[in-house]
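The values are calculated or read from the model by the stated rules, or taken from the named source; none is laboratory data. None of these values were measured; they are calculated from a predicted model. Every residue, glycine as well, gets a Cβ built from its backbone with ideal geometry; the counts of neighbours run over all protein chains shown.
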Amino acid sequence: MSITLTASMRSNLSSLKVIQSQMDKTQERLSTGKKVNSAIDNASSYYQSRSLTNRAADLDSLLDSMGQGVQTIQAANEGIEAITSFVEQMKSVAESAASLDSNAAGYADKVADYAAQFDAIKAQITDIAEDSFYQGVNLLIGNTLKVVFNETRTNDLTVSGKNIVNEMDITAASGDEGWKVGAEKITASIGEITTAIETLRSFATELGNNFTIIETRQNFTEAMVDVLETGADKLVLADMNEESANYLALQTRQQLAINSLALASQSAQSVLSLF
């Protein structure tokens with residue numbers, strides 16, 4: 001048995017369905033904070049937003065490797081500073097040996113002592129160089145560091161390390177061919193140390209330039225991630241104030257429709273009372 005509704009009742013029921021559908025959509029926007037929650041809402045905005053979000057995620061993942069690259073260079077720089085300190089100490093030892101009076105008693109013994117100090121410090125330089133690694137990469141023993149800057153891996157920076165001990169090439173002071181041979185050997189060591197300090201400073205400058213490049217790209221990538229995420233949000237995020245106002249307005253319309261339906265029902269009942 002079918003139930004026959006008046007035109008007024010049907011109109012009010014239809015309005016209630018439309019209002020409820022609008023309320024459901026508005027409520028979803030309020031709960032998610034987005035006006036576009038799927039491709040059904042707006043295919044163009046949805047897929048554009050997802051593309052921007054995916055790129056932002058890809059770039060964000062590269063920030064970690066950039067940060068690790070910065071730390072690798074920082075580890076090498078710390079090693080260079082320590083080595084520079086040792087080399088300067090060696091220079092001081094060599095200059096002390098050079099200042100000795102070669103005609104004074106016990107000259108040779110004072111020189112096998114300064115030479116031993118010199119070589120002991122030299123050994124520490126080798127140890128420092130070997131220990132200046134980070135995550136398995138050591139730029140002071142000739143390893144290479146590659147830092148990727150974009151998601152397609154087409155932009156990167158290769159930082160070439162150096163075997164810094166070999167590059168400095170400081171001759172040992174002890175032994176048969178060392179300082180005890182004559183003062184000219186000590187003078188030669190001072191010359192080697194001077195060149196070694198220049199080598200260290202040059203490499204430190206090179207590392208510093210690479211450090212700045214990576215840090216600048218890191219800051220740029222962070223900014224790009226923000227730009228992409230903001231752009232993605234603008235495509236799909238809802239205006240919460242507007243949606244809240246819409247929801248209140250819909251609640252009012254819903255109540256009015258319910259009241260109107262009740263009045264229409266009362267009218268129908270009044271007609272029945274005539275029989």
Are any residues in the stretch 146-170 part of a loop (DSSP other than H, G, I, E, B) and either surrounded by fewer than 14 Cβ atoms within 10 Å (Cβ to Cβ) or of a type in the set (D, E, K, R) (or both), and if so, which ones? Glu151, Thr152, Arg153, Thr154, Asn155, Lys162, Asp169
Here is a list of conditions, (1) farther than 21 Å from Val159 by Cα; (2) modelled with pLDDT of 85 or more, and Leu16 meets all of them except one; can you say which number that is? (2)
Qualifying residues in the stretch 124-145 (those that are closer than 21 Å to Glu215 by Cα and without any contact (Cβ under 8 Å) to a residue 24 or more places away in the chain) - the one surrounded by the fewest Cβ atoms within 10 Å (Cβ to Cβ): Gly136
Looking at Ala108, is it surrounded by fewer than 16 Cβ atoms within 10 Å (Cβ to Cβ), in the same structural domain as Gly161 (by TED's automatic domain parsing), of a type in the set (A, V, I, L, M) and not in a helix (DSSP H, G or I)? no
Counted residues, the stretch 103-146 - those being closer than 18 Å to Gly69 by Cα and in contact with a Lys or Arg (Cβ under 8 Å, 6 or more places away or on another chain): 3
